[in-house]
Amino acid sequence: MELSTYNKSSIEEIKQLFTKVFSDSEGPSEGSLIGNLAFDLIESTDSKDIYGFVASENDQIIGSIFFTRLIFENGVNAFILAPVAIHTNWQGRGIGQNLIKYGIDHLKKEGVTLMFTYGDPNYYSKVGFSQITEKVAKAPLKLSQPEGWLCQSLVDRDIEPIAGNSRCVEALNKAEYW
């Protein structure tokens, strides 16, 4: 298996991966929603505000993740991990965790200090995320499941409360993702 930065020319393959994975687990409407999110992130996000990574086997993308800028009023260098997909046939082998660690290591080298995600605390705690409340850092939109708001410091410090609001990239700025 090879881990690497995504290539924009793989946009359709990445969209199909997200669509299939989320359709398999959550149903066709969720698959379409998240497949379109991945496509929109690649197409509409400024290159300075997005990092994407893929896991490949025999030149086929079997996993993909995206990190996009999360802007806080105080200027902290933060990104949010969303979405994540590992091909259904490849799940349960640690590929997702390896891909997330690979991406986080890359962002650390780029000077990112805080990493957020919104998902299953049991899964994301395996790669260093901890639950936080909006008293620590406000999410860009109303959270439908506040227990899924997670963060980790990439600079070996405790996570200090961040005053003010946050905003995400336009493709992620839709209530249905939150």
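The values are calculated or read from the model by the stated rules, or taken from the named source; none is laboratory data. Predicted model, so just to flag it, every value in this text is computed and none were measured. In this analysis, Cβ positions are derived from the backbone assuming ideal geometry, glycine residues included, and neighbour counts consider all displayed protein chains.
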Inset, instruction - State the number of residues belonging to the stretch 135-159 that are of a type in the set (S, T, N, Q) and in a loop (DSSP other than H, G, I, E, B). - result: 2
Legend entry - Where K8 falls short, out of the listed (1) more than 29 Å from K142 (Cα to Cα); (2) touching a residue at least 40 places away in the same chain (Cβ under 8 Å); (3) exposed (fewer than 13 other Cβ atoms within 10 Å of the Cβ): (2)
Inset, instruction - Evaluate the following for I159: is it modelled with pLDDT under 95 and hydrophobic (A, V, I, L, M, F, W, C)? - result: yes
Inset, instruction - Tell me which of these S130 doesn't satisfy, since it passes every other one: (1) farther than 27 Å from S44 by Cα; (2) exposed (fewer than 13 other Cβ atoms within 10 Å of the Cβ). - result: (2)
Inset, instruction - Looking only at the stretch 110-121, decide whether some residue is within 30 Å of S4 (Cβ to Cβ), under 15 Å from the mean Cα position of the chain (by Cα), of a type in the set (F, W, Y) and in a helix (DSSP H, G or I). - result: no
Inset, instruction - For the stretch 79-106, name all the residues that are more than 12 Å from the chain's Cα centre (by Cα) and either in a loop (DSSP other than H, G, I, E, B) or buried (at least 20 other Cβ atoms within 10 Å of the Cβ) (or both). - result: I86, H87, Q91, G92, R93, G94
Legend entry - S23, sole failed condition from (1) among the hydroxyl-bearing types (S, T, Y); (2) surrounded by 13 or more Cβ atoms within 10 Å (Cβ to Cβ); (3) in contact (Cβ under 8 Å) with a residue 24 or more places away in the chain: (3)
Legend entry - Residue match in the stretch 150-166 (condition: in contact with a helix residue (DSSP H, G or I) (Cβ under 9 Å, 6 or more places away or on another chain), free of Cβ contacts under 8 Å to residues at least 24 places away in the same chain and closer than 28 Å to I62 by Cα): no
Legend entry - Members of the stretch 134-160 that are farther than 22 Å from I104 by Cβ and exposed (fewer than 12 other Cβ atoms within 10 Å of the Cβ): K135, K142, S144, Q145
Inset, instruction - Using the structure shown, decide if I71 is part of a strand (DSSP E or B), over 12 Å from the mean Cα position of the chain (by Cα), within 26 Å of D158 (Cβ to Cβ) and not aromatic (F, W, Y). - result: yes
Inset, instruction - Give the stretch 26-64 a look and list any residue that's outside any helix (DSSP H, G or I), among the polar types (S, T, N, Q) and either touching an Asp or Glu at 6+ places or on another chain (Cβ under 9 Å) or surrounded by 15 or more Cβ atoms within 10 Å (Cβ to Cβ) (or both), or say none. - result: T45, S56, Q60, S64
Legend entry - Filter pass, I104 being in contact with a Gly (Cβ under 8 Å, 6 or more places away or on another chain) and without any contact (Cβ under 8 Å) to a residue 60 or more places away in the chain: yes
